[in-house]
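Colleague: I'd like to ask you about the structure that follows.
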4 protein chains.
Amino acid sequence: MKPQNKKSWRYILHEIIYEADTPMGKLFDVVLLFLIVLSVVLVMLESVKWIDIKYHDILYFCEWVITIFFTIEYIARIITVKKPTSYIFSFYGIIDFLSTIPLYLSIILAGSNYLLAVRALRLLRVFRILKITRYVGESNKLAKALRDSRAKILVFLFAVLIISIIAGTLMYLIEGEESGFVSIPVSVYWCIVTLTTVGFGDIAPVTPLGQLLAALIMIMGYGIIAVPTGIVSAEYTKSMGKQDVLGKDYVHVNTQDCRNCGARKHRDDAKFCHKCGNELHPGINPET
Amino acid sequence: MKPQNKKSWRYILHEIIYEADTPMGKLFDVVLLFLIVLSVVLVMLESVKWIDIKYHDILYFCEWVITIFFTIEYIARIITVKKPTSYIFSFYGIIDFLSTIPLYLSIILAGSNYLLAVRALRLLRVFRILKITRYVGESNKLAKALRDSRAKILVFLFAVLIISIIAGTLMYLIEGEESGFVSIPVSVYWCIVTLTTVGFGDIAPVTPLGQLLAALIMIMGYGIIAVPTGIVSAEYTKSMGKQDVLGKDYVHVNTQDCRNCGARKHRDDAKFCHKCGNELHPGINPET
Amino acid sequence: MKPQNKKSWRYILHEIIYEADTPMGKLFDVVLLFLIVLSVVLVMLESVKWIDIKYHDILYFCEWVITIFFTIEYIARIITVKKPTSYIFSFYGIIDFLSTIPLYLSIILAGSNYLLAVRALRLLRVFRILKITRYVGESNKLAKALRDSRAKILVFLFAVLIISIIAGTLMYLIEGEESGFVSIPVSVYWCIVTLTTVGFGDIAPVTPLGQLLAALIMIMGYGIIAVPTGIVSAEYTKSMGKQDVLGKDYVHVNTQDCRNCGARKHRDDAKFCHKCGNELHPGINPET
Amino acid sequence: MKPQNKKSWRYILHEIIYEADTPMGKLFDVVLLFLIVLSVVLVMLESVKWIDIKYHDILYFCEWVITIFFTIEYIARIITVKKPTSYIFSFYGIIDFLSTIPLYLSIILAGSNYLLAVRALRLLRVFRILKITRYVGESNKLAKALRDSRAKILVFLFAVLIISIIAGTLMYLIEGEESGFVSIPVSVYWCIVTLTTVGFGDIAPVTPLGQLLAALIMIMGYGIIAVPTGIVSAEYTKSMGKQDVLGKDYVHVNTQDCRNCGARKHRDDAKFCHKCGNELHPGINPET
């Protein structure tokens, strides 16, 4: 934050909204966090018929209070930020907008109660606030571990998908419609349900052959869950405790030996023996 | 335990109740453990209709015997302990109280059979006795591993919750009431059931889009279970591995070098060089 | 195996039955393995109504062939072994007996078809034969890893049980009978089903509060599955390679003691005591 | 690929089909990948009644287009490859054939719609193309980790199977037919469903004893899932991490710098600079 005229109200406002160091900033974040959670709770309660009927007015009123607060906040963010456009089209800018607009739309457009559910996305705003908590370090570590094993996990999920499609097709052929395997997509869905050990049971094989294949799928699923876990464990162990093993204090050495003193394990780029100072001739040694 | 008048019956009683070194103390613990388990079994059996009808009197009698024993024990604990109040309002003090009172209340108040179930909390008292077993070491290690990864697991559970709420809202919009997704809270509940791979199947998606989203949720759940596991594995490997390596056959060494022969990696507490026997001067070496 | 008269038929028989090095011994094991698997398949097929009706005679005949073979084998084992009694009352001795007797009993006693299922225990005999396969090494490693973390896993399972009992009691109070939580034992059963993420769905909470608690139990179960995994992973990683855990700051020390100051734990290559600088004489110390 | 007459159309065709370095080769792979995925989607859509009825002609037409393309490709592969026979009977050769033939057969043979599902196997062809992607490295690593722990996982699955058969037999005896445990194979199937924590709930124990055993099976399954995970984790950690970091090819280096050439990172025991051969004086450098 470049120092600027302290008197500027925009500067102060910016500090309150974007920073969390000042008491005001902290307060703002706490209030915002409270309102976000409250608003999400409201969305949930509204969806419960009997609550909506009984307390509709209160819910509606709270919703308006929150929406107005969010509107003000949204405008304030646009005003105070340096490059408004870059904020508006940023991830959080869009989330903020989507968090604010639904209620207004619900007045204009009829039957846009679907839009209201969009407000659940307000939850994503929590992350911005959490940015300032002590847990951010941990979550970054987790995120890193996941990012590092992204490629591996993609490969894994891809394998899961292929297994599911092929096994799903087989189940469709074996079980057929009367057991609920009405189509290959449904069978594939069932395979994923089974492979991930969720097992709803809304669809279940009844023929001996189908049950045999199902058993194989389950055991496979039971076994391969070890793979992502193994990956993350390994990545995590690595990220946690390896850099103190392989740090700047280790170099790769080769097996050439000094023809003067016979010392081995020289640095790959060693020109002289570390033991007797005799010149090395890596060129001659085929292994180097 | 400060030594005090050995004759004092309160001292002896205290030793029996709180210590486990004396034969009497051991016996007391065993009896207590037996009665706790028995009483919990009784609570369970009472809840089974036909057993309650058939053996009501026996159960009731046993319950009274146990309650009276616990009452005496509770009083004894208060008498023998140094600061009764601090015991009464301690975790175990409250548990002991709650373990004792229900039956008495059930006489005074009618239809307080709910209170009787409170007796299941007696189970928590087991931990106090287990404090003395050989497993306490292990459980402490486990507890430590969990405590160390507390922050990470909280972050993880928080992420699970957010995913569930957003995915739940989507499922509510996609599936609607006729598939059992009667409200967002219920959908969120279903999401947790699915994400944790429990999958009751009392609610299950029927629309293709819903099943697609469900499949994504499952695969996500199947994948991210790796995260807590990875965390605990890593934490645990760390906490275990180091201390395991630091067994009797390994000692920590520092990087100070002997100014006589330049030998390095001396024990932290080394006074003389292990190579030339020259005296070391750790004091001078800042790093030691 | 002490060398004895090679001509002795008992010796040869013993070698065939108990050893697997000779071609005959190998053949015997293969035949036995085949018959065990076959007999278990028979037991399974018999339990399938329509198969039993259709092929009863064939199954029955095969069963007799196998039983007679096992009888002969059992007697042969008793004859050839040094201490018959110790074999008869050994684990495998009892298994062998139980594998052989049921069919004979089924003639004497009526309606002892339950006994026939005991033949499934024959499967356990497979392990004796597997003793000779290349997989035994792996299985020993696994067994060791499990044995090493036995105490930890017991603690873990005990915790799971306590959680289930307390949560089960709460669910019983919250949900009550109409939702299928007819008694505390059943609720505890449901809790275990849920905590282990099995989730049959034959019993499922219907009240909002019940579903909330259920969600907590699931997330708990989803989280704590990390614990046993972490334990085994760690144990296993350890048993596999503890050198890896060694950082650069640790050196191996031996147990020789300085005959001047009695200090122990010197570096393996130490020539002088790190404590008093007195010269060490590793050569004399047998252990070094 | 031995260099041969560049003009040969067969050589060019071979390069397009089998190599992926040339732009044409890349294009070919992309088109092929697209067609494979499309064809599998077609197979799935066809299986959905209402889609098949509504868009039958379009699906059928697309199917023919793809089949003809695959036919041409198949022939091209045979022509261009050096040893046609060895290709035809190779894994991918057979897959390619099975991917092409079904539609033709469906004309000749009536009601061979089962054959059509065989086209789902086309998915396997994807792997050939993926050979060229950046993920192949990861998947190889995964494959290696799995291959390394193959023996262990087999032992594990074998144990699971034995547990399931014995527990299944017990459940069959305890629960009997009215609870859905109609035969031992079905009970074993149920045991696998339970042990793998899938838990469909289509079959569930109703007797107290059955539920108790079920609870034990679940807890066992919940516990032993740790085993494969532990194995893979360990194998993976090993294969990934440490031994290639702290293997024999690495030595610890320090930060002292040669006062002649300023080179750093000398072996701890280096007496002479590895770069210029100048003598080092570790003693003087405070940090060493």
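The values are calculated or read from the model by the stated rules, or taken from the named source; none is laboratory data. The model shown is predicted, which means the values in this text are computed figures rather than measured ones. Note that we place each Cβ from the backbone using ideal geometry, even for glycine, and neighbour counts take in every protein chain shown. We work out accessible area using only protein heavy atoms, side chains counted, and drop any ligands, DNA or RNA first. Shrake-Rupley method; radii C 1.70, N 1.55, O 1.52, S 1.80 Å.
Colleague: Need the C-alpha centroid separation for region A:55-129 versus region C:156-172, integer Å.
Modeller: If we compute the Cα centre of each part, the gap is 42 Å.
Colleague: Let me ask something additional. Counting only protein heavy atoms and rolling a 1.4 Å probe, how much accessible area do B and C lose on contact, total for both sides, in Å² to 100?
Modeller: By this definition, chains B and C bury close to 5900 Å².
Colleague: Report the FRET efficiency, 1/(1 + (r/R0)^6), for D:Arg10 and B:Leu216, where r is their Cβ-Cβ distance and R0 is 60 Å, rounded to 0.05.
Modeller: In this case the efficiency is close to 0.85.
Colleague: Using 1/(1 + (r/R0)^6) with R0 = 51 angstrom and r between the beta carbons of B:Asn140 and C:Leu33, what's the FRET efficiency to the nearest 0.05?
Modeller: Result of the calculation: an efficiency of 0.65.
Colleague: Something else about it: Could you report the accessible area of C:Val227 in Å², rounded to 10, computed with a 1.4 Å probe on the protein chains as they sit in the structure?
Modeller: Result for C:Val227: roughly 10 Å² accessible.
Colleague: Using only atoms on other chains, find how many Cβ atoms lie within 10 Å of each Cβ of peptide C:120-128 and report the average.
Modeller: Per residue, the number of nearby Cβ atoms from other chains is 3 on average.
Colleague: While we're here: For D:Asp29, B:Asp57, A:Asp52, give the ranking by accessible area with the largest first, probe 1.4 Å.
Modeller: If we order D:Asp29, B:Asp57, A:Asp52 from most to least accessible, we get B:Asp57, A:Asp52, D:Asp29.
Colleague: Filter B:Lys152/C:Lys141; B:Lys144/C:Lys152; B:Lys26/B:Lys82; A:Lys152/B:Lys144; B:Lys83/B:Lys141 down to the pairs with a C-alpha to C-alpha distance above 24 Å, please.
Modeller: Violating the 24 Å limit, Cα to Cα: B:Lys152/C:Lys141; A:Lys152/B:Lys144; B:Lys83/B:Lys141.
Colleague: Within a Cβ distance under 10 Å of B:Gly201, other residues only, what is the Lys/Arg minus Asp/Glu net charge?
Modeller: -4
Colleague: Summing Lys, Arg as +1 and Asp, Glu as -1, what charge do residues with Cβ under 12 Å from the Cβ of C:Glu63 carry, C:Glu63 excluded?
Modeller: -1
Colleague: Measure off 7 Å from each Cα along the Cα-to-Cβ vector at C:Cys276 and A:Glu177, then give the distance between these two points in nanometres to one decimal.
Modeller: Inter-label distance under the simple model: 9.5 nm.
Colleague: Here is a follow-up. Is there a simple number for the mean count of other chain Cβ atoms within 10 Å of the Cβ of residues in D:212-219, and what is it?
Modeller: 5
Colleague: So, one more: Tally Lys/Arg at +1 and Asp/Glu at -1 over every other residue whose Cβ is under 15 Å from the Cβ of D:Ala76; what's the total? Intermediate values should be presented prior to the final figure.
Modeller: On the way: positive: D:Arg10, D:Arg77, D:Lys82, D:Arg125, D:Arg128; negative: D:Glu15, D:Glu19, D:Asp29, D:Glu73, D:Asp96.
So the surrounding residues net to 0.
Colleague: Report D:His56's accessible area, 1.4 Å probe, all protein chains in place, as a number in Å² to the nearest 10.
Modeller: That residue has around 80 Å² of solvent-accessible surface.
Colleague: With each pseudo-label sitting 7 Å past Cα toward Cβ, what's the D:Arg147-C:Lys26 distance in nm, one decimal?
Modeller: Reported label-point gap for D:Arg147 and C:Lys26 is 2.7 nm.
Colleague: Per 0.36 nm of contour for each residue apart, how much would the distance between D:Ile94 and D:Ile68 grow if the chain were fully extended, relative to their Cα-Cα spacing?
Modeller: 7.7 nm
Colleague: What is the average number of partner chain Cβ atoms found within 10 Å of a Cβ in B:49-55?
Modeller: On the way: counts 3, 1, 2, 1, 0, 0, 0.
Mean partner shielding for this stretch: 1.
Colleague: Then there is this: If ligands, DNA and RNA are left out, what is the accessible area of B:Tyr18 with a 1.4 Å probe, given in Å² to the nearest 10?
Modeller: 80 Å²
Colleague: May I ask you to rank B:Lys54, D:Lys26 by accessible area, largest first, using a 1.4 Å probe over the protein chains only?
Modeller: Listed by decreasing accessible area, they come as B:Lys54, D:Lys26.
Colleague: Mind giving me the nanometre distance, one decimal, between the label points for D:Phe61 and A:Asp57, set 7 Å out from Cα along Cα→Cβ?
Modeller: Each label point is offset 7 Å from its Cα along the Cβ direction, giving 6.2 nm.
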